[in-house]
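First the structure, in the form of structure tokens, and then the observations on it.
The values are calculated or read from the model by the stated rules, or taken from the named source; none is laboratory data. Keep in mind that this is a model prediction, so the values were computed, not measured. Glycine also receives a Cβ, built like all others from the backbone with ideal geometry; neighbour counts cover every protein chain displayed. For accessibility, only protein heavy atoms count, side chains too; no ligands or nucleic acids. Shrake-Rupley method; radii C 1.70, N 1.55, O 1.52, S 1.80 Å.
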Amino acid sequence: MREYNVAVVGATGLVGRKIIDILEERNFPVKNFFPMSSFRSAGSKIIFKDKSYVVEELKNDSFYKDIDIALFAAGGSVSAKYAKIAAENGVEVVDNSSHFRMDKDVPLIVPEINPNDIKNGYGIYANPNCSTIQSVLPLKPIQDKYGIKRVIYSTYQSVSGSGIGGLKDLDKGTHDKYPFPIEYNVIPHIDDFLDNGYTKEEMKMINETKKILHDESLRVTATTARVPVKYAHCVSINVELKRDFEISDIKNILAEYEGIQLYDDPKTLTYPMPIVAEGKDNVFIGRIRRDISTQNGLSLWSVGDNIRKGAALNAVQIAELLIR
């Protein structure tokens, strides 16, 4: 088996560290490993496959060396500056930031849904928003069988989605990362507000859903909120389908779909929660029921580990598509 020279940019952050863990867990064929970060973390050490590596500072010439794949987990401004430099030097880039997601020339990939879109790439491949990933996974098999007219998202997102700063605010009861305390609170505000009254996070979910599902006519709306939970996002998904359905069939097609764990039995209080999904690869789906307020309406509840499947695992899965 061929081995690859792999770089992780943002190697000391929450997502970067999880990417490194998953590369090792899934035995990704790494020949030479290059952890990179900003000057603030450069010089620290990372353990990968029982070997210690010194984190190097990310610079303009970082990709002049022989690197095959670079997984970026360092934010939009870093990706905007360095991802194209890497791609121009022949590196295949998997980017976790939002910078390239809506670029028409950059595939936006959830490997269980649209792996063939990888063929349309030109060296940069985008990882979707964490909440989008766990939402489109159950939507895809439903769309394939019944068609979808409209989607309404309401999210309950954990503080780890804001990185180490969000975790510190929850642990310490501060609001250095957030405009208000997150402890004992819910903040209906993620990312900046736009002129249309939505936040950037909400518009990410709206636009990314359409791109991944290849349906620009799909009507999507979203409200995103931050909740005092460390790991795993929750999303209430309300869907209007094009055709009538049976709940038993919806459960069957979700249970059979790759990446989904059906977790739905009200009689035994079996429903997804962050404590169920944390640390797991699959997205957990439950509370599946007919929406009695509208024709062909369906409601379900999605919970997924936002650092794992919502970021790091999905990025590594994209890299696995590239080496196939």
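Numbers at a glance
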item	result
Cβ-placed point charges (K, R +1; D, E -1), dipole of segment 155-299 about Cα centre in debye, nearest 20	200 debye
Efficiency of FRET from Cβ geometry, Lys104 and Ser154, R₀ 30 Å, rounded to 0.05	0.55
Label-point gap, in nm, between Lys31 and Lys51 - each point 7 angstrom along Cα→Cβ	1.2 nm
Distance violations [Cα-Cα > 24 Å] among Lys18/Lys280; Lys59/Lys119; Lys145/Lys230; Lys31/Lys59	Lys59/Lys119; Lys145/Lys230
Inter-site label distance for Arg290 and Lys119 at 7 Å from Cα along Cβ, in nm	4.1 nm
Selected from Phe193, Thr209, Ala225, residue furthest toward positive end of dipole (segment 153-226; charges at beta carbon)	Thr209
Translational D in µm²/s for the chain (Stokes-Einstein at 37 °C, 0.692 mPa s, Kirkwood Rh from C-alpha pairs)	162 µm²/s
Square roots of 5 times each gyration tensor eigenvalue, C-alpha, segment 1-143, largest first, Å	25, 17, 15
Accessible surface of the chain, 1.4 Å probe, proportion on carbon and sulfur as whole %	47 percent
Equivalent ellipsoid semi-axes, segment 98-257, via Cα gyration tensor eigenvalues times 5, rooted, Å	29, 20, 15
Distance histogram for segment 188-324 (every C-alpha pair counted, 5 angstrom bins, percent rounded to whole numbers)	2, 9, 14, 19, 22, 18, 11, 4, 1, 0
Proximal lysines to Lys149, defined as alpha-carbon separation beneath 27 angstrom and excluding residues fewer than eight positions away on the same chain	Lys104, Lys140, Lys200, Lys204, Lys210, Lys211, Lys242, Lys251, Lys309
GluC sites (Glu not before Pro) restricted to segment 218-279 and DSSP loop, no more than 13 other C-beta within 10 Å	Glu246, Glu256, Glu258
Cα-based Kirkwood hydrodynamic radius, segment 176-239, one decimal, Å	13.3 Å
Cα-centre dipole for segment 78-224 with unit charges at Cβ (Lys and Arg positive, Asp and Glu negative), debye to 20	320 debye
Accessible surface, segment 193-324, averaged per residue in Å² (probe 1.4 Å)	46 Å²
Neighbour cut-off at most 11 other Cβ (10 Å), DSSP loop, chymotrypsin sites (Phe, Trp or Tyr not before Pro), segment 1-77	Phe39, Tyr64
Gap separating the Cα centres of segment 210-235 and segment 24-70, nearest whole Å	32 Å
For the chain, share of DSSP beta bridges that run antiparallel, in % to the nearest 5	50 percent
Probe 1.4 Å, protein heavy atoms only - accessible area per residue of segment 61-143 in square angstrom	36 Å²
Trypsin sites (Lys or Arg not before Pro) restricted to segment 39-134 and DSSP loop, no more than 10 other C-beta within 10 Å	Arg40, Lys104
